[in-house]
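These notes are about the structure you will find just below.
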Amino acid sequence: MKLFTNKEDDSQRLPISDLMTVLMAVFLIISIIFMIQIKRGVNNYIETKNDIYFELKKEFENENWPGYEIDSDLSIKFISPDILFDYNSFILKRDFKNILDDFFPRYIKILSKKQFEKEIDEIIIEGHTDTQSSERTEDLRYFGNMKLSQNRAREVLKYSLLKALNADNVNKEWARKRLAAHGLSYNRPYLVNKIVDNRKSRRVEFKIKLTAESKIYELAK
């Protein structure tokens, strides 16, 4: 009886070991497929980002707008506060409106091109301030500047969409579905040689979020 039991145990162990081998192989295949998807997503993100940057650079690199910067992260900055708004105000100055009249239709034309239109998830207008405020406490300074930065971002979006975006052959409906306005108070100061530049911190930025970013994030989860 003992010998029979051992043989029975051995016969049961063999299928279990085979099952473990199959499971490990399946897990390995899934891992490889997952890594391929991640790699494709990252490559698509980098390629699209580079293509958009090239188009934006080609279109705007020779502009002499005051305080204008374009970065490889696809952010476009306007950092001349005297041109943008009066102190503690969110009303756009005439000079900044003139810049937006020129900049924004061309900007949207590039982003809504056939090769990019499905790759753009969001176009974000960010308002930034410095730390200056007449409020006494840090919390009141922070929330006061948060309100100011949000109002400025919203006013830029409003003017850009309703006034500046009147050029022919511009997909206004496409832009409306993707535009967002964020106020960030003084959370992200402008740094020059790792030192905060309060003047340049008072700025407006246009940023792009690609659909590939969301796909990579979902795969990573």
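The values are calculated or read from the model by the stated rules, or taken from the named source; none is laboratory data. Bear in mind the structure is a predicted one, so any value in this text is a computation, not a measurement. So basically every Cβ, Gly included, is an ideal-geometry build from the backbone, and we count neighbours across all protein chains shown. Just so you know, the surface numbers come from the protein's heavy atoms only, side chains and all, with ligands and any DNA or RNA stripped out. Shrake-Rupley method; radii C 1.70, N 1.55, O 1.52, S 1.80 Å.
Cβ-Cβ below 7 Å, separation at least six or inter-chain, first residue in segment 85-114 and closer than 29 Å to residue 147 by Cβ, second among the small types (Gly, Ala, Ser): which pairs?
Note: pairs meeting the criteria are 100/160; 100/164; 101/164; 104/160; 104/164; 108/175.
Taking the conditions exactly as written (out of contact with any Phe, Trp or Tyr (no Cβ under 7 Å at 6 or more places or on another chain), basic (Lys, Arg) and at pLDDT 90 or above), does residue 215 satisfy them or not? It would help to see each step written out before you state the result.
Numbers: out of contact with any Phe, Trp or Tyr (no Cβ under 7 Å at 6 or more places or on another chain): yes; basic (Lys, Arg): yes; at pLDDT 90 or above: no.
In short, no.
Go through segment 135-171 and give me each residue that's basic (Lys, Arg) and over 22 Å from residue 77 (Cα atoms). Quick ask: steps written out before the conclusion?
As a first pass, look at segment 135-171 and keep what is basic (Lys, Arg): 136, 141, 147, 152, 154, 158, 163.
136, 141, listed by residue number.
Check whether at least one residue in segment 180-196 is assigned to a strand (DSSP E or B), under 19 Å from the mean Cα position of the chain (by Cα) and crowded, with 19+ Cβ neighbours inside 10 Å, and report yes or no.
First, pick out the residues of segment 180-196 that are assigned to a strand (DSSP E or B): 180-183, 191-192, 195-196.
Filter once more, so that each one left must be under 19 Å from the mean Cα position of the chain (by Cα): 180-183.
Checking which are crowded, with 19+ Cβ neighbours inside 10 Å leaves us with 181, 183.
Checked against the condition, which is being assigned to a strand (DSSP E or B), under 19 Å from the mean Cα position of the chain (by Cα) and crowded, with 19+ Cβ neighbours inside 10 Å, segment 180-196 yields at least one hit.
Please specify each residue of segment 109-134 satisfying the condition of being open to solvent by less than 50 Å² (accessible area, probe 1.4 Å) and part of a loop (DSSP other than H, G, I, E, B). Quick ask: steps written out before the conclusion?
Restricting attention to segment 109-134, the residues satisfying the condition of being open to solvent by less than 50 Å² (accessible area, probe 1.4 Å) are 110-112, 116, 119-120, 122-130, 133.
If the condition is that a residue be open to solvent by less than 50 Å² (accessible area, probe 1.4 Å) and part of a loop (DSSP other than H, G, I, E, B), then 112, 116, 119, 129, 130, 133 are the ones that fit.
For segment 150-166, how many residues meet the condition of being in contact (Cβ under 8 Å) with a residue 24 or more places away in the chain, under 19 Å from residue 97 (Cβ atoms) and assigned to a helix (DSSP H, G or I)? Steps first, please.
So in segment 150-166, the residues in contact (Cβ under 8 Å) with a residue 24 or more places away in the chain come out as 150-157, 159-160, 163-166.
From what's left, under 19 Å from residue 97 (Cβ atoms): 151-157, 159-160, 163-166.
Now drop any that are not assigned to a helix (DSSP H, G or I), which leaves 151-157, 159-160, 163-164.
Within segment 150-166, residues that are in contact (Cβ under 8 Å) with a residue 24 or more places away in the chain, under 19 Å from residue 97 (Cβ atoms) and assigned to a helix (DSSP H, G or I) number 11.
Select from segment 135-148 the residues that are crowded, with 16+ Cβ neighbours inside 10 Å and of a type outside the set (S, T, N, Q) and list them in ascending order. Outline the logic, then answer.
Taking segment 135-148 as the starting set, the residues that turn out to be crowded, with 16+ Cβ neighbours inside 10 Å are 141-142, 144-146, 148.
Across segment 135-148, the qualifying residues are 141, 142, 144, 146, 148.
For segment 115-140, give me each residue that is farther than 14 Å from residue 182 by Cβ and either in contact (Cβ under 8 Å) with a residue 12 or more places away in the chain or touching a Pro at 6+ places or on another chain (Cβ under 7 Å) (or both).
Kept after step one, since they are farther than 14 Å from residue 182 by Cβ, are these residues of segment 115-140: 115-121, 130-140.
Selection gives 115, 116, 117, 118, 119, 120, 121, 130, 131, 132, 133.
Looking at segment 167-178, I want the residues that are over 16 Å from residue 114 (Cβ atoms) and have a partner that is part of a loop (DSSP other than H, G, I, E, B) with Cβ atoms under 7 Å, at least 6 apart or on another chain. Which pairs are those?
Between residues of segment 167-178 that are over 16 Å from residue 114 (Cβ atoms) and residues that are part of a loop (DSSP other than H, G, I, E, B), the close pairs are 172/165.
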